[in-house]
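Enquirer: Quick one: structure below, then a few questions.
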Amino acid sequence: MPELRRVLAATDGSDHGLNAVVTGAACARRLGVSLEIVSVVETLTFPFGVEFADYHDAYSEELRRKVATQADAADASDAPVHQRSGLAAPLITELADELEPCLIVVGAHPRPAVARFLVGSTAERVMRMAHCPVLVATAARREPFQRVLVAIDLSRQSLRVLEIAAAIVQANGAQLRALYVHDQPAPMLLEAALFDEKESRDHARVEFSRTVARVALPTELMVSRSIREGHAGHEILHEAQDWDADLVVMGSHGFGFFNRLLLGSTSVYMLRHGHRATLVVPREKGG
């Protein structure tokens, strides 16, 4: 099971920043770890033509007040606050590399139409760059998660994704469902008789069961399983809706810096089209 350290919540003082602080504080308490908060004065947003030093000081002080208010609302007024100036996503992930949290929590808007715009900014960039799991909170959630859906793709990363999902489930006393989506084979493979669809489907079912069985889950933790066929992002979203999951856990599939910038298309689909809290697990360094 992954080592549990502190939780790092990132906020810009806005409502979706409040989502991150409240959700992060609640997660930290349930995981039995400390909470730390990071806020960034984004200098690129400063009005053109103003005196930089004066505006920076005033903006910084206003942000400090907002963050203190959010920490109070999250019952975490004693949480250390790290304030930085510059570009938010690189500074948040840089601090995370220093603190080595078990989780970064960022906020996004709960309405999908708005989330497609907001997630494309700081929250999505943090997920592309972070080396630890990133939870995108669409609400200021204080109560435990009840239904955790973990989507795996049978890669080596699936074991890490399952382990982290299990740790979250244990801390929350939640139900866990593992999902595998079997992609439809390309038509050219079927037409060329180079692909046995039934054999592929049967193999995937066996590997799915083996993958879940390989994770050392607590004996009291019951895992339900589901297999769907079709486009991964679409099917994960439908499974989350049908089962009423309140947290979706999945991998990012990125290798190295440039692939982290691209991020897995399935992760992006879920974040831009879903409206549920989503936990994205990156590959381990060197993995």
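Enquirer: Go through the stretch 65-95 and give me each residue that's among the charged types (D, E, K, R) and modelled with pLDDT under 95.
Expert: Filtering the stretch 65-95 down to residues among the charged types (D, E, K, R) leaves 65-66, 72, 75, 78, 84, 94.
Listed by number, the list holds a single entry, ARG84.
Enquirer: Would the stretch 149-162 turn up any residue that is of a type in the set (Asp, Glu), surrounded by fewer than 18 Cβ atoms within 10 Å (Cβ to Cβ) and over 14 Å from the mean Cα position of the chain (by Cα)? Walk me through it before giving the result.
Expert: Kept after step one, since they are of a type in the set (Asp, Glu), are these residues of the stretch 149-162: 153.
Filter again for surrounded by fewer than 18 Cβ atoms within 10 Å (Cβ to Cβ), leaving none.
Within the stretch 149-162, none of the residues are of a type in the set (Asp, Glu), surrounded by fewer than 18 Cβ atoms within 10 Å (Cβ to Cβ) and over 14 Å from the mean Cα position of the chain (by Cα).
Enquirer: Residues to consider are THR45, THR23, THR11; find the one that is among the polar types (S, T, N, Q) and modelled with pLDDT under 90.
Expert: Numbers: THR23 fails: modelled with pLDDT under 90; THR11 fails: modelled with pLDDT under 90.
Selected residue: THR45, the only one of THR45, THR23, THR11 that is among the polar types (S, T, N, Q) and modelled with pLDDT under 90.
Enquirer: Name every residue in the stretch 236-248 that is farther than 16 Å from ARG272 by Cβ and in a helix (DSSP H, G or I), in order of residue number.
Expert: Narrowing the stretch 236-248 to residues farther than 16 Å from ARG272 by Cβ: 239, 242-247.
Once the filter is applied, which keeps residues that are farther than 16 Å from ARG272 by Cβ and in a helix (DSSP H, G or I), the stretch 236-248 yields GLU239, ASP242, TRP243.
Enquirer: Within the stretch 172-193, count every residue that is modelled with pLDDT of 60 or more and of a type outside the set (Asp, Glu). Spell out how you get there, then give the answer.
Expert: So in the stretch 172-193, the residues modelled with pLDDT of 60 or more come out as 172-184.
Narrowing further to those that are of a type outside the set (Asp, Glu): 172-182, 184.
Number of matching residues: 12.
Enquirer: Given the conditions (1) over 17 Å from VAL181 (Cα atoms); (2) part of a loop (DSSP other than H, G, I, E, B); (3) modelled with pLDDT of 80 or more; (4) not hydroxyl-bearing (Ser, Thr, Tyr), report the number of the one that GLU220 does not fulfil.
Expert: (3)
Enquirer: Take the conditions surrounded by 22 or more Cβ atoms within 10 Å (Cβ to Cβ), outside the structural domain of ALA9 (by TED's automatic domain parsing) and modelled with pLDDT of 95 or more and apply them to VAL281. Does it pass? Full working, then the answer.
Expert: Values: surrounded by 22 or more Cβ atoms within 10 Å (Cβ to Cβ): yes; outside the structural domain of ALA9 (by TED's automatic domain parsing): yes; modelled with pLDDT of 95 or more: no.
No, not satisfied.
Enquirer: So, one more: Find the residue count for the stretch 96-131, including only residues that are buried (at least 21 other Cβ atoms within 10 Å of the Cβ), modelled with pLDDT of 90 or more and assigned to a loop (DSSP other than H, G, I, E, B).
Expert: 2
Results for (1) over 13 Å from the mean Cα position of the chain (by Cα); (2) within 22 Å of ALA71 (Cα to Cα), shown as yes or no for each residue.
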position: MET129; (1), (2): no, no
position: VAL136; (1), (2): no, yes
position: PRO144; (1), (2): yes, yes
position: ALA167; (1), (2): yes, no
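Enquirer: Can you tell me which of ARG260, ARG276, ARG201 is over 19 Å from GLY107 (Cα atoms) and modelled with pLDDT of 75 or more?
Expert: Working: ARG260 fails: modelled with pLDDT of 75 or more; ARG276 fails: over 19 Å from GLY107 (Cα atoms).
None of the others qualify; the one that does is ARG201.
The values are calculated or read from the model by the stated rules, or taken from the named source; none is laboratory data. Computed from a predicted model, the values in this text were never measured in an experiment. Methodologically, a virtual Cβ is constructed for each residue, glycine included, from the backbone with ideal geometry; neighbour enumeration extends over all protein chains shown.
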